[in-house]
Amino acid sequence: MNPSPFSFARTSEEQKRLDEIGRLADTLRDEAARADEENGFSYGAIDALKEAGYPSLTVPAEYGGAGASLYEFVLLQERLAQGDAATALGIGWHLGIVLELANQPAWQDKYEALCRDIASRNLLINRAATEKGTGSPSRGGRPATTAEEVEGGYLLNGRKTFTTLAPALDLVIVTASLEPDGNHGEFVFPVATEGVRIEPTWDMVGMRGTASHDLVLEDVLVPPEARVKHTRSEPSRPGPAAHPYLLHIPACYLGIALAARREAVTFAAAYRPNSLPHPILELPHIRQLIGEIELELSAARHFLYAVAQRWESAPANPGAFAADLSAVKTFAVRTALTVVDKSMRIAGAHSLAMTHPLQRLYRDVRFGLHNPPMDDVTLKQLADRAERELLPPPEGTAEA
Ligand SMILES: Cc1cc2nc3c(=O)[nH]c(=O)nc-3n(C[C@H](O)[C@H](O)[C@H](O)COP(=O)(O)OP(=O)(O)OC[C@H]3O[C@@H](n4cnc5c(N)ncnc54)[C@H](O)[C@@H]3O)c2cc1C
């Protein structure tokens, strides 16, 4: 194996899959730009990914999937995002959920069938947890969506916002408050169920191709087995701060940063204004900006892949890495924001033309701030970790 020094593939098999997804990602750029311009959706990208069997990347091999590890999932997602970040974020949720549910006891009665369906029929799944009234579900707000137990199952009513991948979803996991006791529950069912409607509300400045529309539920009757049987000690809502599968988010935004880097360097090599005898690439201040981009990206990517590798080496103890998993996301998004900014400084005002790829990357990268875990949560986690490590436990606690 002789990968580029910028490749984080660990084996020739990983490098091969990375090259394959890289070739596919490069074909997706034009449609991604079109989906952004038209506030549409890259159906062609989804078809191409299905054709390549990508929806079953993280399905365990015993259930017909590729059985990719967390590390490999992150590696491929970062590359995919360089071609089409919106589609990468969407399919990243799907693939990440498949990884996540493998270890959730409440899902064990459904997991094998779900995986086999994904592997054989290329089904796509996502979680619809956000609502206007709750804001980010990671804050623990109570869903206004209700699930009432009735004859034949549960009756669901409500409206979810930010349902990424909405036009292509086959299955959805919906959080709801169970009536009358008010406990939270999760329900999984086909989007094609009667009473489910996608309302095309997504009209944001960036990540337009995620088509994260509203999912409206009007008297949706789902069978009893649609309910995920969480127990009280096992929260129905994932604690995003501690979930390794969420590493697809920093991978996506670093993919955007890598795409910006490529635009900046190729622009600098080609652009020679008539005030200069050479391309701007040779100018000291441009080389300094490129050097800073390399430094920042290198640190963020080593951090991402080191944490993915560490988690993979000790999956039995995910709690030990909770703060690092969150820190990777915060650090990667901060890095991606500054890398895109520096790339645009290199290209100058050319980067602001609506026809220039950098302006889309600039709008898209901003969205990383609003995917979980949120920065304040990460920083608190890190502060708590420092306190635990460096200070004696407060008097009266079990350890004191
Ligand atoms: C591109 C994209 C794709 C997404 N895809 C999905 C998806 O597929 N499924 C899904 O369910 N969701 C999805 N989301 C939603 C996402 O997970 C968040 O719920 C959403 O971005 C809102 O986050 P927020 O922090 O802006 O909202 P809010 O929680 O409303 O926060 C707004 C402000 O209030 C502060 N705030 C609010 N509550 C608290 C609190 N309790 N404590 C401290 N501060 C608080 C925040 O810090 C922030 O400053 C997506 C979001 C984006 C941007």
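None of the figures in this text is laboratory data; all of them are computed from the coordinates on show. Predicted model, so just to flag it, every value in this text is computed and none were measured. Cβ placement follows ideal geometry from the backbone for every residue including glycine, while neighbour counts extend to all protein chains displayed.
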Report the gain in length on full extension from Glu282 to Ser313: 0.36 nm times residue separation, minus Cα-Cα distance, nm rounded to one decimal. 6.8 nm
Need one word for segment 12-123: rounded, prolate or oblate. Basis is the Cα gyration tensor (sqrt eigenvalues a ≥ b ≥ c); a/c below 1.5 gives rounded, then a/b vs b/c decides. prolate
Among Ala85, Ala386, Ala269, which one shows the biggest mean-square fluctuation in a GNM of the chain, springs joining Cα atoms closer than 10 Å? Ala386
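Quick one: dipole size for the chain, taken about the Cα centre, charges +1 on Lys/Arg Cβ and -1 on Asp/Glu Cβ, in debye to the nearest 20. If you can, show how the numbers build up before the last one.
Working: 39 positive and 52 negative charges, 233 e Å.
The calculation lands at about 1120 debye.
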Value of D in µm² per second that Stokes-Einstein yields for the chain, Kirkwood Rh from Cα pairs, at 4 °C (1.567 mPa s): 58
So which lysines pass the test for Lys329, namely a Cα distance under 16 Å, with those fewer than 8 places away in the same chain ruled out? Lys380
Going out from 0 in 5 Å bins, what whole percent of all Cα-Cα distances in segment 240-390 drops into each bin? 2, 10, 18, 18, 16, 12, 9, 7, 5, 3, 1, 0, 0
From the square roots a ≥ b ≥ c of the eigenvalues of the alpha-carbon gyration tensor of segment 80-182, which class results: rounded (a/c under 1.5), prolate (a/b over b/c), or oblate? oblate
Compute a Gaussian network model of the chain, connecting alpha carbons closer than 10 Å, and tell me which residue from Asp181, Asp26, Asp341 fluctuates the most. Asp181
Per DSSP H run of at least 4 residues, take -39500 (n - 2.57); add these up for the chain, divide by its residues and hand me the 222 nm value, nearest 500 deg cm²/dmol. -15500 deg cm²/dmol
How do 199-205, 185-191 rank on mean C-beta neighbours within 10 Å, highest first? 185-191, 199-205
Neighbour-count ranking [beta-carbon atoms within 10 angstrom, fewest first] of His248, His278: His278, His248
Cβ-Cβ FRET estimate between Arg142 and Leu352, R0 fixed at 41 Å, reported to 0.05: 0.45
For Glu38, project a label point 7 Å along Cα to C-beta. Then give me every residue of segment 177-217 with its amide nitrogen under 13 Å of that point. 209
Cα-based Rg of segment 127-228 per 2.2 N^0.38 Å, rounded to two decimals? 1.03
List the lysines whose alpha-carbon lies under 27 Å from that of Lys110, not counting same-chain residues fewer than 8 positions away? Lys50, Lys160, Lys229
Once you sort the root eigenvalues of the Cα gyration tensor of segment 1-64 as a ≥ b ≥ c, which label holds: rounded (a/c under 1.5), prolate (a/b larger than b/c) or oblate (the other case)? oblate
